[in-house]
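Just below is one structure, and these are the notes that go with it.
The values are calculated or read from the model by the stated rules, or taken from the named source; none is laboratory data. No experiment lies behind these values; they were computed from the predicted model shown. Cβ: placed from backbone, ideal geometry, glycine included. Neighbour counts: every protein chain shown. Heads up: the accessible areas ignore ligands, DNA and RNA and are worked out on the full protein's heavy atoms, side chains in. Shrake-Rupley method; radii C 1.70, N 1.55, O 1.52, S 1.80 Å.
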Amino acid sequence: MPSDIMIGAIGFVVLLVLLAIRVPVGTAMLAVGAGGIYVLHPRGEIAVFSTLAGESFSVSYLYSLTILPLFVLMGNLSGVSGMSRDLYDAAHAWFGHRKGGLASSTIVGCAGFSALSGSSLASAVTMGRVAIPEMKRFHYSDALSTGSVAAGGTLGILIPPSAGFVIYAILTEESIGRLFMAGVLPGLILMGLFIAAITIQVARNPDLAPDALSKEPLRERFKSLVRARWIIGIVAISIGGIYGGIFSAVEAAGIGAFLAAVATFLRGTFRWPEIKKAMGDTLSSTATTFYILMGAYVFTPFVALSGIPDALNEWVVGLGAGPYTVLFLCLIALVVLGTFMEGFAILVLTLPLLQPLLEGYGFDMIWFGVLMVIVLEMGLISPPVGINVFIVKGIAPDVPMNTIFRGIWPFWFAMAVMIILLVVFPQIALLLPNTMFGV
C-alpha cells in the first residue's frame, strides 16, 4: 500500500507539472490516469484500454450532459440577438441614477446574463463589450469599471444554469437540479454584496465614479423592462420551470435554447455568419468540457487504486481536527490552487480526494458544491492567472493589468464574506433545493 500511495503522489506531481507547462487539462489527466492504472492495476494494459474505451464512451453517452451545449448555445444566441444589450439598458435604467450606478448596472446585467449562459467567460465578454465603453464615456475609474466586469462575470458559474455545477454534479453523482436551486439565493446575495462593494468604494473615494446621473422616470424604467422582455421571459420560463417542477434541468436547457433561437429570428437578428459563429463557439466549448470530463473519468480510478483518499482520510482523522477546521483547510487549499489553476482543472483534480473526506465528516455535498464554486469564482479573478482578468484585458487593452487586479480586490473580499455567510448559515444554499426536492 505505501508504494501505491507513493505512485499516486508521483502521479499528482506529474499532473501538476503538465498543467504548469500548459498541457490541456483533458490530455494531462488522460495521460497520468492511464499511466497510473497501467502501473497499479494487476491486469495493466487490459485495464488501461478498458478504462479508456469504457469511460470515454460513458461520458459522451451521459444524458445529463446534454444540458451543457444547450445552455451555452442559449447564451451565445442571446449575445448575437442583442438581448444582452437590452438587459444592460434595463439594469442601467433602474440603477444608473446612483453614484457608481453604471458599475452596479454591470453587476446586475452580468447576473441576468449568467442565467442564460452558465459561463463566467461568456458573461464577462458579452457584458464587458457593452459596459466598459459606457463607463469610459462617463469617466469611470479604469479599476472600478474593469473590476466590476471581471467580478460580475464570475456569477456565471454560480447563478443557474452553471457549467461548474454540471461538472460538479457529474463528478460527485449529485442532482443537477438540486445544485442549480442551491445556487440561486447565494448568487443573488453575492450580486448584492458586489453592489455593496461598489457603493462603499465610491463613498470612500468619490473620484472613482462621476456624480449620479438623473433618475429615469418610472415609466421609462418599465419600458426598459419591456424591451428586455425576451431575455427576462426565457430566464423565467427555463429556470422557473425547474423550480416549479414543470420540467427537468435538461428539458429546461432545450426549451431555453429553442426560445433563444425563436427570439433571435423574431427580433430580425438571425444572420447566418453570426449564427454560424455562435454554433461554432458552442461546439468548441462543449468539446473542451467533454474532453476534460473524459480525462477526469480516467484519472479518478487511478486515484482510487492508489489508496490516497483513504490514506488522506486516516491522516486527517489522526490529527484530531474538528469538521470545520478540516473544511477551512480544504477551502484555503482551493483558494491557493485557484491562483494558478483553471477552475475545471481544480474540480476534477480535487473532488476525488475531498468528497470521501468531507462526507466522512457529515458535510452536505450540495452545500459544499456552492462553497466550492464560489472559491473557483475567486480563482477566476485572483492573480497571477485570473482568467476573467485576461478576458477583460482583451476588451480594454489600454488598461494595465495591475489596474485591473487592483479593481477586483473589493469584489474578492465580497466573495470571502459570502463564504463566511454560507458556513454560518448553510440554509442559504439548502433552502430552495430542500423545499423543491425534499430533504
### Message
Among the numbered criteria (1) modelled with pLDDT of 85 or more; (2) open to solvent by 40 Å² or more (accessible area, probe 1.4 Å); (3) farther than 22 Å from L266 by Cα, which one does P217 miss?
### Response
(1)
### Message
Take the residues in region 221-240 that are open to solvent by 70 Å² or more (accessible area, probe 1.4 Å) and β-branched (V, I, T); name whichever of them is farthest from R267 (Cα to Cα).
### Response
I237
### Task
Of all residues in region 123-149, count the ones that are under 14 Å from G343 (Cβ atoms) and touching a Phe, Trp or Tyr at 6+ places or on another chain (Cβ under 8 Å).
1
## Note on the structure
When restricted to T325, T288, the only residue within 30 Å of V72 (Cβ to Cβ) and polar (S, T, N, Q) is T288
### Query
Take the residues of region 92-115 that are outside any helix (DSSP H, G or I) and either among the acidic types (D, E) or open to solvent by 10 Å² or more (accessible area, probe 1.4 Å) (or both): which is farthest from W412 (Cα to Cα)?
H97
### Query
Looking at this structure, is F302 at pLDDT 85 or above, assigned to a helix (DSSP H, G or I) and not aliphatic (A, V, I, L, M)?
no
### Query
How many of the residues making up region 282-334 are free of Cβ contacts under 8 Å to residues at least 40 places away in the same chain and more than 27 Å from L40 (Cα to Cα)?
13
### Task
Quick one: count up the residues across region 297-348 that are β-branched (V, I, T), open to solvent by less than 60 Å² (accessible area, probe 1.4 Å) and within 15 Å of F363 (Cβ to Cβ).
2
### Message
For region 190-212, give me each residue that is of a type in the set (A, V, I, L, M) and either under 19 Å from D86 (Cα atoms) or open to solvent by less than 60 Å² (accessible area, probe 1.4 Å) (or both).
### Response
L190, M191, L193, I195, A196, A197, I198, V202, L208, A209, A212
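For every residue, the table says whether it meets (1) within 22 Å of Y291 (Cα to Cα); (2) touching a residue at least 60 places away in the same chain (Cβ under 8 Å); (3) among the hydrophobic types (A, V, I, L, M, F, W, C).
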| residue | (1), (2), (3) |
| --- | --- |
| I10 | no, no, yes |
| L15 | yes, yes, yes |
| G33 | yes, yes, no |
| V39 | no, no, yes |
| R43 | no, no, no |
| S56 | yes, yes, no |
| Y61 | yes, no, no |
| S64 | yes, yes, no |
### Query
Among (1) among the small types (G, A, S); (2) open to solvent by less than 20 Å² (accessible area, probe 1.4 Å); (3) over 27 Å from the mean Cα position of the chain (by Cα), which single condition is G268 missing?
(2)
## Note on the structure
Taking region 275-296 and keeping only residues that are open to solvent by 20 Å² or more (accessible area, probe 1.4 Å) and at pLDDT below 80, one is left with S285
### Message
Here are the criteria: (1) modelled with pLDDT of 90 or more; (2) buried (at least 20 other Cβ atoms within 10 Å of the Cβ). Tell me which single one P433 does not satisfy.
### Response
(1)
### Query
Got a number for residues in region 44-62 being under 21 Å from the mean Cα position of the chain (by Cα) and either in a helix (DSSP H, G or I) or surrounded by 19 or more Cβ atoms within 10 Å (Cβ to Cβ) (or both)?
1
### Task
Identify all residues within region 19-32 that are open to solvent by less than 50 Å² (accessible area, probe 1.4 Å) and modelled with pLDDT of 85 or more; write none if there are none.
A28, L30, V32
### Query
Which residues, taken from region 116-143, are of a type in the set (A, V, I, L, M, F, W, C), within 30 Å of G241 (Cα to Cα) and open to solvent by 10 Å² or more (accessible area, probe 1.4 Å)?
L121, A122, V125, V130
### Message
Cβ-Cβ under 8 Å, sequence separation 6+ or interchain: first residue in region 388-415 and free of Cβ contacts under 8 Å to residues at least 60 places away in the same chain, partner part of a helix (DSSP H, G or I) and among the basic types (K, R). Which pairs?
### Response
M401/K393
### Message
Whether any residue in region 275-289 is in a helix (DSSP H, G or I) and within 28 Å of I419 (Cα to Cα) is what I want to check.
### Response
yes
